[in-house]
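Participant: Got a structure here, written out as structure tokens. Questions coming.
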2 protein chains.
Amino acid sequence: MTESATPRGRPRDPRVDRTVRQAVRDALAETGYAGLTVDAIAARAGVGKAAIYRRFGSKAELAFAAAVHDIDVTAPPDTGSLVGDLYALARIVQARAANPVAREVIPALVAELGRNPALAEQFRGRFLDIERADFTEICARAVRRGELPGPVRPDIAHLMLAGPHFAALYAFHVPVDDALLLDFARAAASALKTLAVSP
Amino acid sequence: MTESATPRGRPRDPRVDRTVRQAVRDALAETGYAGLTVDAIAARAGVGKAAIYRRFGSKAELAFAAAVHDIDVTAPPDTGSLVGDLYALARIVQARAANPVAREVIPALVAELGRNPALAEQFRGRFLDIERADFTEICARAVRRGELPGPVRPDIAHLMLAGPHFAALYAFHVPVDDALLLDFARAAASALKTLAVSP
């Protein structure tokens, strides 16, 4: 999925996108999330603040887009089994979501989404729908393999893997290692088998 | 489980606890979370700010303890089946966690926990361990009924139900109705069966 328009539908210059994102990553490395300001990013990237606000609804979304969630990610690999596909996806998510910047940025973004329904809607369209499409693909493969009797609603399938993972990382602070990621994948595969609708 | 000592081990007056909690609930109803201050709570409750800080590590924890999570909650009812017990618990959690105050307070608290490891440790001891004990009890019942071959680590069992529920409410904004709560319970029961360790 590519991203060729702002939330308001205006075309965007991908070079400016890349420059802004790199500026955010550099600033995060130097000052951390607490020291991040839109003014400083604009100065560092050599663009106006308006160019940044056209792209991102808040400081938290800016940091999330630049440092955590690459919106150009491709579909997860086909490993040959439902558990394998879910485990591969959980490892990709862990690499993005468990680093110190993500641990600071994601809870801040979630708190902002709760206060700002327009930002939540934008977040859904730009990031969440991409993640949910991965689950549509993984479930479709499992149906073709005969591992699932039918599809699962993608937003619910997404919750079955991402919910425990997200809660472990950010809310309940359970240490996440590869063994636990495999448990998440095995548990999510069982959950999907229970929730799948027969055709 | 009762709460008879501060995190530092000092005895506390339960009447002051109740007065402070009521003051927080009244203030939240009047001014919302954004207008809540420790000064205003202290004045309303007729206690010093120190009495509040002895009890609560932050504004978010204060609001959470008063308005969301009753720490004197009792064990969930035995409904006669693992799915039934998980569904009953999910409905109790939904009543606490899906109201507008909780939707504002909980993401704010989670963001604070990420910034403040000491607060996270206190939160674990005061709230999370109580929730995890519910899962120890529910899994023990399921083992006695022959529905599980053995126990599941309580922190992981907790993630299997609370993770999707928490992520739906606060992070990914999936509407949660009774049908989805039942799906969460059915999915968590399957997950627990997959993760349970044979004796």
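Just so it is clear, none of the values below were taken in a lab; they were calculated from the coordinates. Everything numeric in this text was worked out from a predicted model, so none of it was measured. As a convention, Cβ positions derive from the backbone with ideal geometry for all residues, glycine included, and neighbour counts pool all protein chains shown.
Participant: Using +1 on the beta carbon of Lys and Arg, -1 on that of Asp and Glu, and nothing else charged, what's the dipole of chain B about the Cα centre, debye to 20?
Facilitator: Here the size comes out at about 520 debye.
Participant: Okay, moving on. Please turn the phi angles of the range A:28-34 into ³J(HN,Hα) values with the Karplus equation 6.51 cos²θ - 1.76 cosθ + 1.60 (θ = phi - 60°), one per residue in order, whole Hz, x for glycine and proline.
Facilitator: Per residue, the Karplus-derived 3J(HN,Hα) values read 4, 5, 7, 10, x, 5, 4 Hz.
Participant: Let me ask something additional. Suppose the Debye formula is applied to equal point scatterers at every Cα of chain B; what is log10 I(q)/I(0) at q = 0.10 Å⁻¹?
Facilitator: The calculated log intensity ratios at q = 0.10 Å⁻¹ are -0.46.
Participant: Count the lysine pairs in the protein assembly as shown whose Cα atoms lie under 24 Å apart, taking only pairs 8 or more positions apart in sequence or on different chains.
Facilitator: For the protein assembly as shown, the number of qualifying lysine pairs is 4.
Participant: What list of ³J(HN,Hα) values in whole Hz, one per residue of the range A:130-137 in order, does the Karplus curve 6.51 cos²θ - 1.76 cosθ + 1.60 (θ = phi - 60°) give from phi, with Gly and Pro shown as x?
Facilitator: Result, rounded to whole Hz: 5, 5, 5, 4, 4, 6, 4, 5.
Participant: Something else now. Where the label is 7 Å out from Cα toward Cβ, how close does A:Gly125 come to the same position in every other copy, in nm, shortest first?
Facilitator: Reported distances to equivalent positions: 4.7 nm.
Participant: Over all alpha-carbon pairs of the protein assembly as shown, lay out the pair-distance distribution in 20 Å bins, whole %, shortest bin first.
Facilitator: Pair shares across the bins are 26, 55, 19, 0.
Participant: From the residues A:Cys139, A:Leu128, A:Ala51, which one has its Cα farthest along the dipole of chain A in the positive direction, the dipole being from +1 and -1 charges on Cβ of Lys/Arg and Asp/Glu about the Cα centre?
Facilitator: In chain A, that residue is A:Ala51.
Participant: To the nearest 500 deg cm²/dmol, what mean residue ellipticity at 222 nm is calculated for chain B from DSSP H runs of n ≥ 4 alone, each contributing -39,500 (n - 2.57), summed and divided by the residues?
Facilitator: Theoretical 222 nm ellipticity from helices: -20500 deg cm²/dmol.
Participant: Ranking A:Ile92, B:Ile106 by Cβ neighbours within 10 Å, fewest first, what do you get?
Facilitator: A:Ile92, B:Ile106
Participant: Put a dot 7 Å past each Cα toward the Cβ at A:Ala98 and B:Ser81; how far apart are the dots in nm?
Facilitator: About 3.6 nm, to one decimal.
Participant: What is the pair-distance distribution P(r) of the range A:116-180, computed from all Cα-Cα distances in 10 Å bins starting at 0, with each bin given as a whole percent?
Facilitator: 19, 36, 35, 10, 0
Participant: Here is a follow-up. Per residue Cα convex hull volume for the range A:14-67, in cubic angstrom?
Facilitator: 62 Å³
Participant: Rounded to a whole number, what is D in µm²/s for the range A:82-195 from Stokes-Einstein with the Kirkwood radius over alpha-carbon pairs (25 °C, 0.890 mPa s)?
Facilitator: Using the Kirkwood radius from Cα pairs, D works out to 166 µm²/s.
Participant: Taking neighbour counts of Cβ atoms within 10 Å as a proxy for exposure, in what order, fewest first, do A:Asp183, B:Asp177 appear?
Facilitator: Ascending Cβ contact count within 10 Å gives the list B:Asp177, A:Asp183.
Participant: Which value, in debye to the nearest 20, describes the size of the charge dipole of the range B:14-55 about its Cα centre when Lys and Arg Cβ atoms bear +1, Asp and Glu Cβ atoms bear -1, and nothing else is charged?
Facilitator: The dipole of the range B:14-55 has a size of about 240 debye.
Participant: Quick one: Karplus J couplings for the range A:141-150, per residue in order, coefficients 6.51, -1.76, 1.60, θ = phi - 60°, nearest Hz, x for Gly and Pro?
Facilitator: 4, 5, 5, 4, 6, x, 7, 10, x, x
Participant: What number, in percent, do you get for the relative contact order of chain A if the mean sequence gap of Cα pairs under 8 Å and at least 6 apart is divided by its residue count?
Facilitator: Answer for chain A is 21 percent.
Participant: Going by average Cβ density within 10 Å per residue, which order do the peptides A:30-36, B:135-141 take, highest to lowest?
Facilitator: The packing order, highest mean first, is B:135-141, A:30-36.
Participant: Go through A:Ala196, A:Leu28, B:Ala97 and say which Cα lies farthest out towards the positive end of the charge dipole of the protein assembly as shown; charges sit on Cβ, +1 for Lys and Arg, -1 for Asp and Glu.
Facilitator: About the Cα centre, the residue reaching furthest to the positive side is A:Leu28.
Participant: Rounded to the nearest 20 debye, what is the charge dipole size of the range A:82-195 about its Cα centre when +1 sits on each Lys and Arg Cβ and -1 on each Asp and Glu Cβ?
Facilitator: That gives a dipole near 220 debye.
Participant: Expected output is a single nm value to one decimal: the length gained when fully extending between B:Arg115 and B:Glu30, i.e. 0.36 nm times separation in residues minus the C-alpha distance. What is it?
Facilitator: 27.8 nm
Participant: Rounded to the nearest 10 degrees, what's the angle between the helix B:178-195 long axis and the longest principal axis of chain B, both from Cα atoms, 0 to 90?
Facilitator: Roughly 60 degrees between the two axes.
Participant: Assuming R0 = 22 Å, can you tell me the calculated FRET efficiency for the pair A:Asp17 and A:Lys49, based on Cβ-Cβ distance, to the nearest 0.05?
Facilitator: Efficiency, from the Cβ-Cβ distance: 0.90.
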